[in-house]
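Rule-based calculations on the coordinates, nothing more; no lab input. Since this is a predicted model, take the numbers as computed values, not measurements. We place every Cβ from the backbone using ideal geometry, glycine too, and count neighbours over all the protein chains shown.
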Amino acid sequence: MRDVKIYLSSLAGILRPLKSFLLKAVEMGFNNIEILDEWGHKLNDKRRRELLELKRSYSLNYIVHAPYDGINISTPQRSLRKAALKL
């Protein structure tokens, strides 16, 4: 039987800074984290360097969820919802 890894999504902490969320996740015993590349957790060069540093320090594993805002037909943003429905 394969080893199944459970990843904690950063969506659970989207209202906190990403680093703060990761440190709390480590404190709670998580080391597999799904990074949602959206909103306040959007990846950039500075954040990537920070993620690598935290990975080395806490033996974290990451997966990245591609951005999905704007392609979700249930988005509360009317203009995005209309555009998504045209696709």
Problem - Structure-based [θ]222 nm, the chain - -39500 (n - 2.57) summed over DSSP H runs of at least 4, per residue, nearest 500 - result: -11500 deg cm²/dmol
Completion exercise
One point scatterer per Cα, no solvent, Debye formula: log10 I(q)/I(0) for the stretch 8-86 at q = 0.12, 0.14, 0.18, 0.22 Å⁻¹ comes out as -0.39, -0.50, -0.73, -0.95
Handout entry: Eligible lysines near LYS19 by straight Cα distance, threshold 16 Å, same-chain separation 8 or greater
Key = LYS42, LYS46, LYS55
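Neighbouring Cβ atoms within 10 Å as the yardstick, rank TYR68, TYR58 fewest first.
By the 10 Å Cβ count, ascending: TYR68, TYR58.
Between beta-carbons, use under 14 Å as the cut-off and find the net charge around ARG49, counting Lys and Arg +1, Asp and Glu -1.
+3
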Exercise for the section: Mind checking the full-extension length gain between VAL64 and GLU50? Use 0.36 nm per residue of separation minus the Cα-Cα distance, one decimal, nm. Expected result: 3.6 nm
Exercise for the section: State the extension gain, in nm to one decimal, for the chain segment bounded by VAL26 and ARG2, taking 0.36 nm per residue of separation less the distance between their alpha-carbons. Expected result: 6.2 nm
